[in-house]
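So the structure is just underneath, and the comments pick up after that.
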Amino acid sequence: MDKVEGAKTIIREALVTCTRPCFTCSFQAEDVVVLHLLLRERPDIPVLFLDTGYHFPEVYAYRDALKERLGFYVINLTPSLSKEEQERLYGKLYETDPTRCCQIRKVEPLFQALEGYDAWFTGLRREQSPTRAHLKPVEEAILQSGHRLQKVSPLYDWTLKEVFAYLAVADLPHLPLYDQGYLSIGCAPCTAKPLDPQDARSGRWAGKGKLECGIHLHAKEG
């Protein structure tokens, strides 16, 4: 079975066992592949976008253009504080305390939203980071509240090359920032072109020893 058929099977089997699925999407290349596959099976699936207020302008423009083309239902999740309010209270947390910044602008809004769902689809891949090396296609996510839901990563074993090959065959555009040399794209202040071309996430939170924003907790081998 090739990778595409494998991903389709993971999606279909997960959808059979849940009643309230959702998909978190940052509109990076792998997310768009999962989105395209999901829409074929569940056209009305809620697509959750973490609108931190710090995204590149290109991300917002691409999100809106893709929504117009594919017709999906997007829910923009926003923090309790606007970025202006946060900076007035705490300064530029993305410089002084990026973990706290991610907690306020990503983790808290997402985990609050996930309380309403029983399956969470993601575009995570093992190749993305050492912290994701043992990612499984289906895991159980347990929120701080104790709420449990399936966490489904259909592209868990895909390479970036395979992701872009799918986009090409499906005639789907990719986020223009990739053409500028970015390989892993988050909030603009914390995203640079990769320091190591072999490590896509080496441009994220560069020099701060940080690999994850806190949204994703992964099972360890064994």
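Relative contact order, percent, of region 1-59 when contacts are C-alpha pairs under 8 Å separated by at least 6 residues?
36 percent
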Looking at region 85-134, which GluC sites (Glu not before Pro) are in a loop (DSSP not H, G, I, E or B) and have at most 12 other Cβ atoms within 10 Å? E115
Just to be sure I understand: with springs between alpha-carbon atoms less than 10 Å apart, which residue in L38, L143, L124 has the highest mean-square fluctuation in the Gaussian network model of the chain? L143
Check F121: other-chain or 5+ apart residues with amide H under 5 Å from its amide H, H built from backbone geometry? C22, F23, T24, V152
Helix-derived [θ] at 222 nm for the chain: sum -39500 (n - 2.57) over DSSP H runs of at least 4, divide by residue count, nearest 500? -9500 deg cm²/dmol
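Of the accessible area of region 138-180, with the probe set at 1.4 angstrom, what percent is carbon plus sulfur?
53 percent
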Across all directions of projection, what mean area in square nanometres is found for the Cα convex hull of region 85-176? 8.5 nm²
Using the C-alpha atoms of region 55-136, what convex hull volume per residue, in cubic angstrom, is computed? 153 Å³
Y166 neighbourhood, Cβ < 15 Å, K/R = +1, D/E = -1, net charge -3
FRET efficiency for A170 and K136 from the Cβ-Cβ distance with R0 = 25 Å, rounded to 0.05, comes out at 0.45
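Given a cut-off of 20 Å, name the pairs among K161/K193; K92/K151; K106/K136 whose C-alpha atoms lie farther apart than that in the structure shown.
Flagged as over cut-off: K92/K151; K106/K136.
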Expressed as a whole-number percentage, the relative contact order of region 1-154 with C-alpha contacts under 8 angstrom and at least six residues apart is 27 percent
At most 11 other Cβ within 10 Å, DSSP loop - chymotrypsin sites (Phe, Trp or Tyr not before Pro), region 1-86: none
If the convex hull is drawn through the Cα atoms of region 1-181, its volume per residue in Å³: 133 Å³
Can you compute the FRET efficiency between L70 and T99 using 1/(1 + (r/R0)^6), with r the Cβ-Cβ distance and R0 = 35 Å? Round to the nearest 0.05. 0.55
Note to self: Kirkwood Rh of region 1-59, Cα pairs, one decimal, Å, is 12.7 Å
Want the number for Y90 to R148: 0.36 nm per residue separation, take away the alpha-carbon distance, what's left? 17.6 nm
Highest-MSF residue in the chain out of D97, D31, D171 [GNM, Cα springs under 10 Å]: D171
Looking at region 34-118, which trypsin sites (Lys or Arg not before Pro) are DSSP coil and have at most 15 other C-beta atoms within 10 Å of their C-beta? K92
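The values are calculated or read from the model by the stated rules, or taken from the named source; none is laboratory data. Bear in mind the structure is a predicted one, so any value in this text is a computation, not a measurement. So basically every Cβ, Gly included, is an ideal-geometry build from the backbone, and we count neighbours across all protein chains shown. Each accessible area value is taken on the protein alone, full model and side chains, heavy atoms only, with ligands, DNA and RNA left out. Shrake-Rupley method; radii C 1.70, N 1.55, O 1.52, S 1.80 Å.
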